[in-house]
Amino acid sequence: MELRQVRYFVTLARRLHFGLAAKELFISQPALSQQIRSLEQGLGVELFDRSGRRVSLTAAGEAFLARAERILGEMESAQTEMQEFAGLLRGRVVIGTIPAQALGGIDVAGLLAEFHALHPGIEIILREDVTEVLVKRLVSGPVDLVLAVQTEGNLPPEVVTKPLFTEDLVLMVPGHHTLATRRRVRLAQLEHEPFVFRKRGSVNRKLVMQASAACGFSPRVAFETDEVSTVQALVA
């Protein structure tokens, strides 16, 4: 088992798509498939189920993913420590973030550009996902810093936080909807309405689910998307 195979495996396990994973790793899809097969043969188990239209982790793959992420985390920690001895002239920082549209007025791209101008020798890796996934990666080691949504009690105690801004959770409906002219809407009035949610693991989705359960109903999920533009199109 080679370290690069472990990195390839973790990338594919996150993407669950050979084409996307190969693109992220800057290798060809056949080369990625060959390395994953070689890793599986070396371990004596199948890590991915390729029987359906989509790739998925097997039970063995799920178990190996946790260890693989710890391995990469330890390697990155070791590299970071060695770079500190070298005076931080070179290095690598992995930043996890929810989609930029959900970060209010924070110009992530601009901030990273400024940082790169000050520290051109530091490699910057940006990972986008929902808060729950990003926090898990932060704790396990592959991610160094996370820009995400925080609610009271939703973070492990070992995670140190710094609030950047606060925002209200509001309702968005089409202009012709009967509730569009209301200044305030009770959540219970939405019991029979279709909802557009971010994918599972989103803090905002959890908040709405919990609040709806307290009102005695479970929201009907009509669409799942991470693109704000898609949400705007759906409710237009």
### Query
Considering the range 44-57 alone, what residues qualify as being under 15 Å from residue 8 (Cα atoms) and among the aliphatic types (A, V, I, L, M)?
47, 55, 57
## Note on the structure
Subset of the range 49-66, residues modelled with pLDDT of 75 or more and either over 21 Å from the mean Cα position of the chain (by Cα) or of a type in the set (Gly, Ala, Ser) (or both), comes to 49, 50, 51, 53, 56, 59, 60, 61, 63, 66
### Query
residue 113 fails exactly one of the following numbered conditions: (1) among the aliphatic types (A, V, I, L, M); (2) more than 14 Å from residue 201 (Cβ to Cβ); (3) not in a helix (DSSP H, G or I). What is the number of that condition?
(3)
#### Entry: Flag if residue 178 is over 22 Å from residue 132 (Cβ atoms), out of contact with any Ser or Thr (no Cβ under 9 Å at 6 or more places or on another chain) and either touching a residue at least 24 places away in the same chain (Cβ under 8 Å) or surrounded by fewer than 12 Cβ atoms within 10 Å (Cβ to Cβ) (or both)
yes
### Task
Answer yes or no as to whether residue 102 is surrounded by fewer than 16 Cβ atoms within 10 Å (Cβ to Cβ), modelled with pLDDT under 85 and assigned to a helix (DSSP H, G or I).
no
#### Entry: The lone exception for residue 69 - which of (1) at pLDDT below 90; (2) under 19 Å from the mean Cα position of the chain (by Cα); (3) acidic (Asp, Glu) it fails
(1)
### Task
Out of 184, 137, 205, 220, report the one residue that is closer than 30 Å to residue 78 by Cβ and at pLDDT 80 or above.
137
### Query
Among all residue pairs at least 6 apart or on different chains, which show Cβ distances below 7 Å where the first residue, located in the range 30-50, is without any contact (Cβ under 8 Å) to a residue 24 or more places away in the chain and the second is among the aromatic types (Phe, Trp, Tyr)?
33/18
### Task
Check every one of the helices (runs of 4 or more DSSP H) wholly within the range 1-59 and list those with 3 or more residues that are surrounded by fewer than 13 Cβ atoms within 10 Å (Cβ to Cβ).
29-43
### Message
Looking at (1) in a loop (DSSP other than H, G, I, E, B); (2) of a type in the set (A, V, I, L, M, F, W, C); (3) in contact with an Asp or Glu (Cβ under 8 Å, 6 or more places away or on another chain), which one does residue 139 not meet, given that it meets all the others?
### Response
(1)
### Task
Confirm whether residue 189 is at pLDDT 85 or above, surrounded by fewer than 12 Cβ atoms within 10 Å (Cβ to Cβ) and part of a helix (DSSP H, G or I).
no
## Note on the structure
Of the residues in the range 192-210, those that are loosely packed, with under 13 Cβ neighbours inside 10 Å and in a helix (DSSP H, G or I) come to 210
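The values are calculated or read from the model by the stated rules, or taken from the named source; none is laboratory data. Nothing here was measured: the structure is a model prediction, and the numbers come from that model. All Cβ positions, even for glycine, are placed from backbone atoms using ideal geometry, and neighbour counts span all protein chains on display.
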